[in-house]
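Every read-out reported here was derived from the displayed coordinates using simple, explicitly stated rules and does not represent laboratory data. Here the structure is a predicted model, which is why all the values come from computation and not from measurement. Note: ideal-geometry Cβ built from the backbone for every residue, glycine included; neighbour counts use all protein chains shown.
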Amino acid sequence: MVEDIKMFGKSLETVEEGPEQEAQRKAFEDRIAHGEKIEPGDWMPAEYRRQLIRMISQHAHSEVVGMLPEGAWIGRAPSLRRKMILLAKVQDEAGHGQYLYHAAETLGVSREELIEALLAGKAKYSSVFNYPALNWTDVGVIGYLVDFAAILNQTMLARCSYGPYARAMVRISAEENFNKKQGQDLVIRMAHGTLGEKAMVQDAINRWWWPTLMMFGPPDTASPNSAALIRWGIKTKTNDELRQEFVDKIIPELEALGLTVPDPGLSYGAESGHWMTGEINWDEFWRVVQGQGPCNQERMAARRAAHEEGRWVREALEAYAHHQGLG
Ligand code: BYC
C-alpha cells in the first residue's frame, strides 16, 4: 500500500494540470506563503501528501526503533534513579511514535500499513539507530548528542506548514528537551568523574559523533527531497543548515567539559563565526541507510519480534471493540 502511495504521488505528478487544479494549487501555495497551516480536510497536491506521509512515517519509525539502543540498558542502569529516568525517556519515545503515527493517519494512510512497510524493510528510519550502544555511557551520549540533534530538527519542523505534524512537534520537542537534559547530566557527571569515567565518555562521543552528524541527512547537494519540502514549508531549514547549527552549538559545550570530537579537520572560522567539520563519510551513511549498518538486521529482528509478541494484544482489543459494537 505504501508502494501505492508513492505511485499515487508519482502518477499524479505526471497528470497535466487544468485551470481548475492550477487555481487550487495557487490558492494552496498562497496559504503557505501567508504562514497558514494546512489541515487534514484541506485540498493539497498529491505530492505534498506523499512527501508528508513519507517523512512523518519515517519519523515515527525512528522514534520506535530509537527505543532499542537505550532500552537495552534499562535492566543494567547503575541506580534506581537512573533506571527510572531512562524508563521515562524510552517511554516518551514510544509516545512520540504514537503522536506521529496519528499525524500520518490524518493523511489517509493507516498505521498498520505504515508498520507493515517498516517490517517488510520498505520504509526507512533514522540511520543513527543502526549503531550499537556498547556501554552505560552511550545512554548519556545518545541523550545529549542525538536528542539535541533531534530537538533542532523538530523545532524547525514545529513551524511546518502541515498543522498536525507541526503540533505534534511542539509537544515532542518539549519532552525531548527533558530527554536531552538527562543525557547532558550524565555526560557532565562522567566528564567530571574519575579518569576512567572521563575516558569512557570520550570514547562514547568518538563513536556517536559522526553518526549524529549524518542524522541530519545527506548534504544539500545530494538531497532530492529538500527542494519540494522547502518550497511547501514542510522543512524550513536545509539539512546542511541544521547540521551547522548543531555543530556551532555543541562544540563549545563539549570543549567546556574538556571533551573533544574525533575530527582532525575541525576548525573555527573567525570571520564566518562557524565551526567547520572535516569531510563526513557519506559512503558509510548510504550503506547504513540501505540496510548495511552495524545493527540494521538486529533492529529489524527486534521490531518484528515485538510485533509478533504484541499480536495477541491487538487481537484482544479488536475482539473487545467488536463485542462492544465499535469494530
Ligand atoms: N537516516 O532528500 P533527503 C529521535 C533518506 S527520533 C535514514 O535529504 P529529506 C530519538 C531520506 O529519507 C527522530 N534515511 O530527505 C529517538 C531520503 O530517502 P527517501 C528522528 C535518511 O526527507 C530515540 C533520502 O535519504 N528524526 O529523536 O529531505 C532516541 C534522501 O534524503 C536520513 C526524524 O526522523 C537518515 N538520517 O531529509 C533518541 C526527523 N537522512 O525517503 C532520539 C524527520 C535522509 O526519499 N525527518 N535519509 O527514500 C527529517 O527531518 C528529514 O526527513 C531528514 C531527511 C532531515 C531526515
Order by protection proxy (mean Cβ within 10 Å, highest first), peptides 319-325, 24-30, 183-189: 183-189, 24-30, 319-325
How long are the semi-axes of the ellipsoid equivalent to the chain, from square roots of 5 times the Cα gyration tensor eigenvalues, in whole Å, largest first? 35, 27, 17
Lys pairs, the chain - Cα-Cα below 14 angstrom, 8 or more residues apart or on other chains: 6
Tell me the mean residue ellipticity at 222 nm calculated for the chain from its helices only (DSSP H runs of n ≥ 4, each -39500 (n - 2.57), averaged over every residue, nearest 500). -20500 deg cm²/dmol
Of Arg81, Arg171, Arg111, which has the largest mean-square fluctuation in a 10 Å C-alpha GNM of the chain? Arg81
Treating only the Cβ of Lys, Arg, Asp and Glu as charged (+1, +1, -1, -1), what charge dipole size does the chain show about its Cα centre? Round to the nearest 20 debye. 800
Debye intensity ratio I(q)/I(0), log10, the range 105-238, q values 0.17, 0.21 Å⁻¹ (C-alpha model): -1.06, -1.30
Please list, ordered by chain and number, the residues whose modelled amide H lies under 5 Å from the amide H of Tyr162; skip anything fewer than 5 residues away on the same chain. Ile38
For His274, residues with placed amide H under 5 Å, excluding near neighbours: Gly269
Going toward the positive end of the dipole of the chain, with +1 on Lys and Arg Cβ and -1 on Asp and Glu Cβ, which of Thr155, Leu259, Met215 do you reach last? Leu259
How much of the pair distance distribution for the range 43-166 lies past 26 Å, counting alpha-carbon pairs only, in percent? 26
Two decimals, Cα atoms only, Kirkwood Rh: what is Rg/Rh over the range 114-180? 1.04
FRET efficiency for Leu266 and Ala321 from the Cβ-Cβ distance with R0 = 56 Å, rounded to 0.05, comes out at 0.50
To the nearest 10 degrees, how steep is helix 19-33 against the longest Cα principal axis of the chain, on a 0 to 90 scale? 30
Using alpha carbons only, how many degrees (0 to 90, rounded to 10) separate the axis of helix 46-65 from the longest principal axis of the chain? 30
Mind ranking 288-300, 139-151 by how tightly packed they are, going by the mean number of other C-beta atoms within 10 angstrom, highest first? 139-151, 288-300
Mind telling me which of Ile115, Ile280, Ile234 comes out most flexible in a GNM of the chain, alpha-carbon contacts under 10 Å? Ile280
Dipole of the range 48-88, Cα-centred, from +1 at each Lys and Arg C-beta and -1 at each Asp and Glu C-beta, to the nearest 20 debye? 40
Here the net charge surrounding Gly183, from other residues whose Cβ is less than 14 Å away from its Cβ (Lys, Arg +1; Asp, Glu -1), is -4
Between the helical axis of 195-214 and the dominant principal axis of the chain, each derived from Cα atoms, what acute angle in degrees is found, rounded to the nearest 10? 30
Kirkwood Rh and Cα Rg combined as Rg/Rh, the range 17-113: 1.21
Quick shape summary for the range 222-320, equivalent ellipsoid via Cα gyration tensor, semi-axes whole Å in descending order, reads 39, 20, 16
